[in-house]
Every structure is written in C-alpha cells, then in structure tokens.
Ligand code: DC
C-alpha cells in the first residue's frame, strides 16, 4: 500500500537576487504547495512608507511606520496564467515593488524590529498548515526553525547583479546601469547581514546551494530531488 505523504514546510533563504524566488516558485507549482515571497512583503511595506512620505534619504520615520502597521494589509493573488502577484491594501503592486525606488530603501525598512515582528507573525500564520514554500532571509532561522527542508542559496554578487539587471531591462527599465545594480546588491548584502534584528544567516541545518554556474533547469531538478528525499523521510 502506498504510504500517505505528509505535507512539509520548505524554507529557502539566501542573498538578494540569488534566484531563490524563481526556484521556490517553480518547486511550489510542481508539488502543489503554496508559495510565499517574504521579500515582496518587506518591499510592499517599503512602498507604503515611501508613498506616505515616511522615508527621507536614509531616515525612516519608524514611529509613524510602526503606528501604520495595522493599516498595511499584504496579500498574494494569482493571474489567469498562474503567475503570482503581491497586493498592498487590495492594489496589485507587483511592478512597483520591484522598482529601484523600492530596492534602494527596502533594507532600511526590513531592519526595523516592529516591521519584522509584524511580518514574521503573518508569515507564521500563512504556514500554519504546512504545505508551503517560503523564501526570504530568516525563514529557516526565525520564521520556521523546525522546517523539514531548509536551503541556503548563494551566488557571486556579480552573477546576482547581472540577473537583476537583465530582469529590469526585460521590464522596460532602460536607465538603471549594471554598476548601479551591483552597488545596490552589495549594499543590501551588507545591511542584511549586519543588522541587529534577524540578520541574514545560514541555519545550521540548511543545505547549501551555490547556483552561480547552474541553469534554471538544473536548479529546479536539484530542489525537486531534495524535496523528494525530505518528503520520503517524513512519510507516515
Ligand atoms: O528577496 P528580496 O530582494 O526581494 O528582499 C527584499 C529585502 O527584504 C532585502 O533587503 C532583504 C529583506 N528581507 C528580509 O529582511 N527578510 C526576509 N524574510 C525577506 C527579505
């Protein structure tokens, strides 16, 4: 008799633009799990703060943003073609949150303790029933320390900047230069790994994946193989 497969929690962490979202999304679709891009949540909060004049230069009005957290509702939708998108208070903001305007400030917002607490609470609620693939920076360490499958993805800063640059060009951004994107990637790595609040850290029980010289297909296969191993060891 075929054993019943128990749903598991999958945590995928890593540096910015390491391709983790693409892999996580593909894995979730293949195995029929929900997918949550937690970076998109911090980006949506940043967009809200920018639109409400709460960020000036490198200064975030933490008090005003903290007071507004209950008014920030982040949800995810799915297009007819199966593509997921992020909504901020019911408005599709998928394109806005990927702009350089938001990328430039998001690390500052993601370093604010009350923002992180609110996001982590929402993420834990979303994953309560397992059967979820969540990607971010602190998923395997803080959000789901007991996740059955944890992956830590990395690639060189240049590889990641090139990917991000190609993405921006494909979306019609013709002004941002590769050098600007590389500087943004390096700066975000620095802020993300040195902040006091949940710095980007590899969970001790995560499996490493350096995908600098892997094709998307190879990465997807690698993920699926790891999932099969983990799911098999969790069978009832
Ligand atoms: O993955 P991304 O580049 O879209 O993430 C945007 C920012 O949010 C990045 O500066 C890191 C931060 N982030 C975080 O601190 N914790 C998460 N779980 C996800 C993202």
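Annotations
- A Cα-only calculation for region 50-89 places Rg and Dmax at 14.1, 40 Å.
- Of the residues 154, 184, 89, the one that moves most in a GNM of the chain with alpha-carbon contacts below 10 Å is 89.
- Neighbour-count ranking [beta-carbon atoms within 10 angstrom, fewest first] of 52, 26, 204: 204, 52, 26
- Rg of the Cα atoms in region 171-236, relative to 2.2 N^0.38 Å, amounts to 1.61.
- At q = 0.22 Å⁻¹ the log10 of I(q)/I(0) for region 125-169 amounts to -0.79, computed by Debye summation with a single uniform scatterer per C-alpha, solvent ignored.
- Principal-axis tilt of helix 216-233 within the chain, Cα atoms, nearest 10 degrees: 50 degrees
- Average Cα contact separation per residue, the chain, under 8 Å, 6 or more apart, as relative contact order %: 35 percent
- Mean-position separation - Cα centroids, region 63-78 and region 129-146, in angstrom: 20 Å
- With both residues required to sit in the chain, DSSP beta bridges show an antiparallel share near 35%.
- Most mobile of 203, 155, 183 in a GNM of the chain (Cα contacts under 10 Å): 183
- Take every DSSP beta bridge whose two residues both sit in region 1-141; close to 50 percent of them are antiparallel.
- Helical runs (DSSP H, four residues minimum) scored at -39500 (n - 2.57) apiece and divided by the length of the chain put the mean residue ellipticity at 222 nm at -14500 deg cm²/dmol.
- In terms of its C-alpha gyration tensor, region 38-142 has an oblate overall shape, because the principal axis ratio a/c (a ≥ b ≥ c, square roots of the eigenvalues) is not below 1.5 and a/b does not outweigh b/c.
- Cα pair distances in region 88-210, grouped into 10 Å bins until the bin that holds the longest one, percent each: 11, 36, 39, 14, 0
- Listing 37, 166, 104, 146 from fewest to most neighbouring C-beta atoms within 10 Å gives 146, 166, 104, 37.
- Peptides ranked, highest mean first, by Cβ atoms within 10 Å: ranges 157-164, 222-229, 42-49: 42-49, 157-164, 222-229
- Relative to the longest principal axis of the Cα atoms of the chain, helix 178-194 runs at roughly 70 degrees.
- Tail weight of P(r) past 22 Å, computed on alpha-carbon pairs of the chain, percent: 52 percent
- Computed over the alpha-carbon atoms, region 66-127 gives an Rg to Rh ratio of 0.98, Rh here being the Kirkwood radius from the mean inverse distance.
- C-alpha long axis of helix 113-126 to longest principal axis of the chain, angle in °: 30 degrees
- Normalising by residue count, region 135-201 has a Cα convex hull of 100 Å³ per residue.
- Relative contact order computed over region 159-236 (Cα-Cα under 8 Å; 6+ residues apart), in percent: 19 percent
- Between 196, 13, 80, the residue with the greatest mean-square fluctuation in the GNM of the chain (Cα pairs under 10 Å linked by springs) is 80.
No value in this document is a laboratory result; all are computed from the given coordinates. All of these numbers come straight from a predicted model, not from anything done at the bench. Cβ sites come from the backbone with ideal geometry, for glycine too, and all protein chains shown count toward neighbours.
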